[in-house]
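Colleague: First the structure, which I've put down as structure tokens, then a few questions once you've had a look.
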Amino acid sequence: ENFGDPNNIEVQYVPVARSEEVQKLNVLMASTNDVPDIVFTYDSGTFQRYASQGGLMDLTETLDEHGPNLKAFLGEDTLKYGQIDGQQLAIPGRRLVLGKYSSYIRQDWLDQLGLSVPQTTDELYAVLKAFKEQDPGNTGGKVIPLGMSVAPAQFESLIWSFIEPLTEEQKYTLTQKLGSSDYPVLLPGFKEALRFMNKLYNEGLISKDFALDKDKKQLWQDVQNGLVGAFSEDAGELYFDYNGTYKNLQTNVPGAVMTPIDPFSNSEGKHPKPGYAPNAMYIMIPKSSERAVEAIKYLDWMASGDNLFFMQNGVEGENYTLEDGIPVLNADAAQEIKDRLFNYGDMAIIVNGKYIGETEQNNEAYIRQTPKEYHEDMRKSVDISNTDKLDQIVLSRPIEAESKYGSVLTDKYNEMIVNTTMIGTDKFDATFDSLMKEYMASGGQAILDERTGVYKEMNP
């Protein structure tokens with residue numbers, strides 16, 4: 001009503017189950033009569049495939065003419081993720097919280113042993129050894145000094161801290177993007193990172209059966225049972241109500257305290273860790289659409305005035321209350337309203353996260369989604385996730401080999417981490433070299449060759 005009625009435009013939504021997102025989108029895009037005027041996906045490979053097939057509208061001029069508010073809201077750093085060969089083929093949503101990872105440690109164990117919070121990788125190693133040898137949690141030999149699973153959140157901060165300083169050419173050519181993340185598999189220092197994980201495993205300092213824990217369920221259970229001394233995770237994940245791990249730990253082990261830490265340090269004394277790219281979902285207009293102008297006007301309206309804020313929060317007093325300028329959903333709001341506002345991202349598609357204004361305010365809105373007693377630690381986690389955050393590498397055009405081999409190579413990467421970690425120390429080098437050879441033959445070399453070619457195009 002607020003957008004459509006004044007502009008004499010009828011806006012209709014086509015529901016798509018998230019689990020069927022790409023399949024359903026393919027059907028809609030192939031339709032001759034019912035193709036939507038706006039489609040969107042988080043999958044970069046799907047966007048790149050539609051772009052390479054010529055199925056998307058070039059929005060460069062339309063955005064300039066009809067989307068001034070949208071351009072200002074998104075900014076060039078976000079918009080470039082939807083550009084290929086100088087054409088704006090997608091409008092990337094703006095991701096507000098860019099920090100990704102933090103680490104945590106049992107503060108009560110440190111206090112019991114008279115140890116300080118570890119500030120470097122070497123200090124963390126010393127603490128893990130102490131946890132193993134002295135078992136401050138009285139676990140009866142079940143202590144897990146460093147919790148681990150095969151989910152990236154548990155090992156990415158560790159691995160990236162071993163990567164050596166890179167030249168610009170190394171960053172662009174040796175990095176491999178698999179899915180939506182940059183992978184350091186070819187970067188100098190990667191092998192030594194896995195050697196360190198092998199050392200930790202063979203000394204009994206990380207979860208023994210981590211290779212079987214693909215969904216982190218065992219890790220969370222071990223944390224809740226008071227067995228884990230330290231671990232890395234998505235920033236703040238520990239504190240959300242839907243997770244429940246910290247509350248369960250404090251119930252099961254009275255006096256247990258988890259402190260956010262940033263221990264993994266590189267040769268320069270920094271604490272590098274991957275962050276999210278500033279783009280969220282890819283919003284696209286099919287080339288067959290006759291309503292590109294209206295579509296951009298709709299997205300521009302969303303970025304104008306208080307429209308986005310209203311879509312995400314509803315009506316003040318009735319649906320939310322402002323606390324220090326941050327909208328907090330009323331506990332007594334009707335369940336229907338809670339459900340609608342929980343799913344605001346389905347309509348407020350130009351942004352990922354709750355938009356309040358400046359970065360600090362957006363981070364604070366994220367923090368206040370957790371129980372009040374955890375706000376201080378949540379704030380520390382977010383700060384850590386943004387410390388020495390690594391920006392993703394953006395090339396001038398998509399790498400076809402990454403779309404082609406990305407899924408297979410992700411599996412190979414995880415296999416490399418598991419097998420090199422769990423092998424006997426004397427067999428590490430041979431195992432690593434064999435698995436790296438297999439990785440390169442499965443598409444890694446093709447990606448390296450293509451990225452090298454694109455870098456040369458960018459720097460003739």
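Colleague: Shape verdict for the range 319-392, please, from the Cα gyration tensor: rounded (a/c under 1.5), prolate (a/b greater than b/c) or oblate.
Modeller: The shape class here is oblate.
Colleague: Return the Rg/Rh value of the range 324-460, two decimal places, where both radii are evaluated on C-alpha atoms and Rh is the Kirkwood radius.
Modeller: Rg divided by Rh gives 1.13.
Colleague: Next up: Over the range 69-168, consider all pairs of different Cα atoms and compute the Kirkwood hydrodynamic radius from their mean reciprocal separation; express it in Å, one decimal.
Modeller: 17.7
Colleague: A further question follows. What share of all Cα pairs of the chain, in percent, falls into each consecutive 20 Å distance bin?
Modeller: 22, 52, 25, 1
Colleague: So what does log10 I(q)/I(0) come out to for the range 1-79 at q = 0.25, 0.26 Å⁻¹, using the Debye formula with one equal point on every Cα and no solvent?
Modeller: Ignoring solvent entirely, the Cα scatterers give -1.30, -1.29.
Colleague: Rolling a 1.4 Å sphere over the protein heavy atoms, what is the accessible area per residue of the range 282-436, to the nearest Å²?
Modeller: 51
Colleague: With a sphere of radius 12 Å drawn around the Cβ of L89, what net charge do the other residues whose Cβ falls strictly inside it have (Lys, Arg +1; Asp, Glu -1)?
Modeller: +2
Colleague: Sticking with this structure for a sec: List every residue whose amide H lies under 5 Å from the amide H of I84, counting only residues 5 or more places away in sequence or on a different chain, with H placed 1.01 Å from N in the peptide plane.
Modeller: Close amide H contacts, sequence-distant or interchain: L89.
Colleague: Determine the per residue accessible area of the range 115-205 with all protein chains present and a 1.4 angstrom probe, expressed in square angstrom.
Modeller: I get 38 Å² per residue for this part.
Colleague: Which percent, to the nearest 5, of DSSP beta bridges fully inside the chain are antiparallel?
Modeller: Taking every DSSP beta bridge within the chain, about 75 percent pair in antiparallel fashion.
Colleague: Then there is this: Which whole-number percent is the relative contact order of the range 226-291 (Cα, under 8 Å, 6+ apart)?
Modeller: The value is 17 percent.
Colleague: Fully extended, how many nm does the chain gain between K372 and E192 (0.36 nm per residue separation, minus their Cα-Cα distance)?
Modeller: Extending this stretch completely gives an extra 60.7 nm.
Colleague: Filter the chymotrypsin sites (Phe, Trp or Tyr not before Pro) in the range 1-108 down to the DSSP loop ones having no more than 11 other Cβ atoms within 10 Å, then list what survives.
Modeller: Counting only loop positions with at most 11 other Cβ atoms within 10 Å, the chymotrypsin sites (Phe, Trp or Tyr not before Pro) in the range 1-108 are Y13.
Colleague: Can you work out the Karplus-derived ³J(HN,Hα) for every residue in the range 258-267? Use 6.51 cos²θ - 1.76 cosθ + 1.60 with θ = phi - 60°, whole Hz, and x for glycine or proline.
Modeller: 9, 10, x, 9, 9, x, 7, 10, 9, 5
Colleague: Using the beta-carbon distance between R340 and I9 and R0 = 22 Å, what value does 1/(1 + (r/R0)^6) give for FRET efficiency, to the nearest 0.05?
Modeller: Result of the calculation: an efficiency of 0.50.
Colleague: Given the options V35, S116, Q83, identify the residue whose Cα lies farthest towards the positive end of the charge dipole of the range 9-144 (+1 on Cβ of Lys, Arg; -1 on Cβ of Asp, Glu).
Modeller: Farthest towards the positive pole: S116.
Colleague: To continue, here is another question. How large is the Kirkwood hydrodynamic radius of the range 206-255, counting all unique pairs of alpha carbons, in Å?
Modeller: Result for the range 206-255, one decimal place: 11.4 Å.
Colleague: Label-point separation (nm) for T452 and D215, each offset 7 Å from Cα along Cα-to-Cβ?
Modeller: A separation of 4.2 nm, rounded to one decimal place.
Colleague: Counting other Cβ atoms within 10 Å, which trypsin sites (Lys or Arg not before Pro) in the range 169-236 have at most 15 and lie in a DSSP loop?
Modeller: Within the range 169-236, the qualifying trypsin sites (Lys or Arg not before Pro) (loop, at most 15 other Cβ atoms within 10 Å) are K208, K214.
Colleague: Quick one: work out Rg over Rh on the C-alpha atoms of the range 251-313, Rh as Kirkwood radius.
Modeller: A ratio of 1.29.
Colleague: Would you work out the Kirkwood radius for the range 172-315? I mean one over the mean of 1/r across all pairs of different Cα atoms, in Å.
Modeller: In the range 172-315 this quantity evaluates to 20.3 Å.
Colleague: Something else now. Could you sort S181, S116 by accessible area so the largest value comes first, with the probe set to 1.4 Å?
Modeller: Ranked from most to least accessible, the order is S116, S181.
Colleague: Over the chain, what is the mean sequence separation of C-alpha contacts under 8 Å (at least six apart), divided by residue count, expressed as relative contact order in percent?
Modeller: Value for the chain: 26 percent.
Colleague: Continuing with this model, one more query. Just flag the GluC sites (Glu not before Pro) in the range 10-98 sitting in loop per DSSP whose Cβ has no more than 12 other Cβ atoms within 10 Å.
Modeller: Within the range 10-98, the qualifying GluC sites (Glu not before Pro) (loop, at most 12 other Cβ atoms within 10 Å) are E10.
Colleague: Give me the percent of accessible area attributable to carbon and sulfur for the chain, probe 1.4 angstrom.
Modeller: Roughly 47 percent, rounded to a whole number.
Colleague: In degrees from 0 to 90, rounded to the nearest 10, what is the angle of the helix 121-134 Cα long axis to the longest principal axis of the chain?
Modeller: The angle comes out near 50 degrees.
Colleague: A further question follows. Return the whole-Å distance between the Cα centroid of the range 259-318 and the Cα centroid of the range 96-130.
Modeller: One Cα centre to the other: 32 Å.
Colleague: Using the C-alpha gyration tensor of the range 382-460, what are the square roots of 5 times its eigenvalues, in whole angstrom, with the largest one first?
Modeller: 27, 21, 12
The values are calculated or read from the model by the stated rules, or taken from the named source; none is laboratory data. What you see is a predicted model; the values in this text were computed from it and never measured. So basically every Cβ, Gly included, is an ideal-geometry build from the backbone, and we count neighbours across all protein chains shown. Heavy atoms of the whole protein, side chains included, go into the accessibility calculation; ligands, DNA and RNA do not. Shrake-Rupley method; radii C 1.70, N 1.55, O 1.52, S 1.80 Å.
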